[in-house]
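Visitor: Sending over a structure as C-alpha cells; questions will come in a sec.
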Amino acid sequence: MAAGIGNHDNMGGLFRNAAAFGARAVLLDDRCCDPFYRKAIRVSVGAVLRTPMTTGEPLEAILDRLHAAGVEVLAFTPSARETLAGFRRQGPVAVLLGTEGPGLPTSVIARCRPVGIPMKGGFDSLNVAATSAVALHHLTSPALSG
C-alpha cells in the first residue's frame, strides 16, 4: 500500500517488487502519482499493467477496509521500535509505505503496527522502492511466515 508516492521511478519500483514477490495487489491512496505514466510503466517492466491495484481512495478509507477485513497493516517508519527482522506474520498483512522525506503521518502510524528496518552509516531509511523489496521478501519467505 502506498501513501502519497509522487515519484514515478518509485511507483514503478513498487509495482515491479509487488509482482516479483507475489503481492496480491497494490493499493494506492488518492495522493499517489499516476502509475500509468510511461516512466512508471517502464521502471515496473510492465508490472503496472498486470498487477491488481486500486487507486483514488483516501488513505483512511483504505485502512478502514483493511482493518475490517482482518488485515494487519505494517506502517514502515524509521521511528519504529519493532524491526522487520523480528516480525513474524500470523495472518494477512499489508505493507504501508509513505512518501520519501516526510514519510507517513503520525496519525496514520498510530492506526497501524509500526515496523522499521535499522540503518547504519547515518541513514534513517531506504528508498521507498528498496524498502518494499526488503519488506516483501521478508513477508513472503516461507521460513519467516507464521
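Visitor: Looking at segment 126-146 only, could you name the residues that are crowded, with 17+ Cβ neighbours inside 10 Å and either small (Gly, Ala, Ser) or part of a loop (DSSP other than H, G, I, E, B) (or both)?
Guide: Correct list: Leu126, Ala129, Ser132, Ala133, Ala135.
Visitor: Scan (1) of a type outside the set (Val, Ile, Thr); (2) without any contact (Cβ under 8 Å) to a residue 60 or more places away in the chain; (3) closer than 20 Å to Leu139 by Cα for the single condition His8 breaks and write down its number.
Guide: Looking at each condition in turn, His8 falls short on (3).
Visitor: Suppose we filter segment 99-116 for residues that are assigned to a loop (DSSP other than H, G, I, E, B), surrounded by fewer than 13 Cβ atoms within 10 Å (Cβ to Cβ) and either modelled with pLDDT of 95 or more or of a type in the set (Val, Ile, Thr) (or both); how many remain?
Guide: 1
Visitor: Just to check your reading of the model, which residue among Ala40, Ala68, Ala61, Ala80 is surrounded by fewer than 14 Cβ atoms within 10 Å (Cβ to Cβ) and closer than 23 Å to Pro102 by Cβ?
Guide: The match here is Ala61.
Visitor: If the requirement is being out of contact with any Lys or Arg (no Cβ under 7 Å at 6 or more places or on another chain), over 17 Å from Ala133 (Cβ atoms) and not aromatic (Phe, Trp, Tyr), which of these qualifies: Arg16, Arg89, Arg24, Arg50?
Guide: Working: Arg16 fails: over 17 Å from Ala133 (Cβ atoms); Arg89 fails: over 17 Å from Ala133 (Cβ atoms); Arg24 fails: over 17 Å from Ala133 (Cβ atoms).
From the options Arg16, Arg89, Arg24, Arg50, the qualifying one is Arg50.
The values are calculated or read from the model by the stated rules, or taken from the named source; none is laboratory data. In this text, all values refer to a predicted model and were calculated from it rather than measured experimentally. Because the Cβ atoms are built from the backbone with ideal geometry, glycine has one as well, and the counts that use them run over all protein chains shown.
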